[in-house]
1. I want to confirm something. Restricting to region 124-136 and keeping residues that are under 16 Å from residue 26 (Cβ atoms) and free of Cβ contacts under 8 Å to residues at least 60 places away in the same chain, which single residue is surrounded by the fewest Cβ atoms within 10 Å (Cβ to Cβ)?
2. Tally time: how many residues in region 116-148 are over 13 Å from the mean Cα position of the chain (by Cα) and in a loop (DSSP other than H, G, I, E, B)?
3. Got a number for residues in region 62-85 being out of contact with any strand residue (DSSP E or B) (no Cβ under 7 Å at 6 or more places or on another chain) and at positive phi?
4. Of these, 81, 92, which one is in contact with a helix residue (DSSP H, G or I) (Cβ under 6 Å, 6 or more places away or on another chain), within 16 Å of residue 140 (Cβ to Cβ) and surrounded by 14 or more Cβ atoms within 10 Å (Cβ to Cβ)?
5. Among the residues of region 137-153, how many are farther than 18 Å from residue 95 by Cα and either modelled with pLDDT of 95 or more or surrounded by 13 or more Cβ atoms within 10 Å (Cβ to Cβ) (or both)?
6. State all residues of region 65-78 that are surrounded by 15 or more Cβ atoms within 10 Å (Cβ to Cβ) and in contact with a helix residue (DSSP H, G or I) (Cβ under 8 Å, 6 or more places away or on another chain); if no residue qualifies, say none.
7. Please go through region 42-63 and pick out each residue that is in contact with a helix residue (DSSP H, G or I) (Cβ under 6 Å, 6 or more places away or on another chain) and surrounded by fewer than 18 Cβ atoms within 10 Å (Cβ to Cβ).
8. Return only the number of the condition from (1) in contact (Cβ under 8 Å) with a residue 40 or more places away in the chain; (2) within 10 Å of the chain's Cα centre (by Cα); (3) within 15 Å of residue 28 (Cα to Cα) that residue 81 does not satisfy.
């Protein structure tokens, strides 16, 4: 827990204090459409807040549903730190906190339904001036092997729960102006 708090403080301190505006992106994973033809249906939506040109936070929300092995359902979310080296379109995301909850588990083998997870992703962002965003990325689940037991248990419950997968996020970005500046102007 101390490491998580320290990482959040460091990430927050990297944001400029005098920032006048932030960019918010809301995207959904189109590569999940291919899962409709398999046994494991998955979906992923992400909300991203860019603090500045180099750093931001992502909140992914994923849902996995197994059709064949007892209708197991997993809801998976977390907080990811996004880093864009040299302020370019290439990005790296790292999990600060990530967990999955088995909402429905046909096996009922364990007492706990909560599984701590982590991932690392590398991708590239294309932004059109209209706000349209495309982000292909490659996601590596548990790259350092800390949560190998959790991923093994989830792999046993789902017929398709890959440790490395491609993602194609498509959505929109919005400019959010700083409310403090606006309130100061109104006075």
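1. Pass one, region 124-136, residues under 16 Å from residue 26 (Cβ atoms): 125-128, 130-135.
After this cut, where a residue has to be free of Cβ contacts under 8 Å to residues at least 60 places away in the same chain as well, the list is 125-128, 130-132, 134.
Working: 125: 21, 126: 11, 127: 15, 128: 10, 130: 8, 131: 13, 132: 12, 134: 15.
Per the criteria, the residue is 130.
2. Looking only at that region, the number is 11.
3. Adding up the residues that qualify gives 1.
4. Working: 92 fails: in contact with a helix residue (DSSP H, G or I) (Cβ under 6 Å, 6 or more places away or on another chain).
Among 81, 92, only 81 is in contact with a helix residue (DSSP H, G or I) (Cβ under 6 Å, 6 or more places away or on another chain), within 16 Å of residue 140 (Cβ to Cβ) and surrounded by 14 or more Cβ atoms within 10 Å (Cβ to Cβ).
5. Let us first name the residues in region 137-153 that are farther than 18 Å from residue 95 by Cα, namely 152-153.
Now restrict to residues that are either modelled with pLDDT of 95 or more or surrounded by 13 or more Cβ atoms within 10 Å (Cβ to Cβ) (or both): 153.
Summing the residues that are farther than 18 Å from residue 95 by Cα and either modelled with pLDDT of 95 or more or surrounded by 13 or more Cβ atoms within 10 Å (Cβ to Cβ) (or both) in region 137-153 gives 1.
6. Result: 66, 72, 74.
7. Residues satisfying the conditions are 43, 53, 54.
8. Condition (3) is where residue 81 drops out.
The values are calculated or read from the model by the stated rules, or taken from the named source; none is laboratory data. These numbers were taken from a predicted model, which means no experiment stands behind them. Neighbour counts are summed over all protein chains in view; Cβ atoms, including those assigned to glycine, are modelled from backbone coordinates with ideal geometry.
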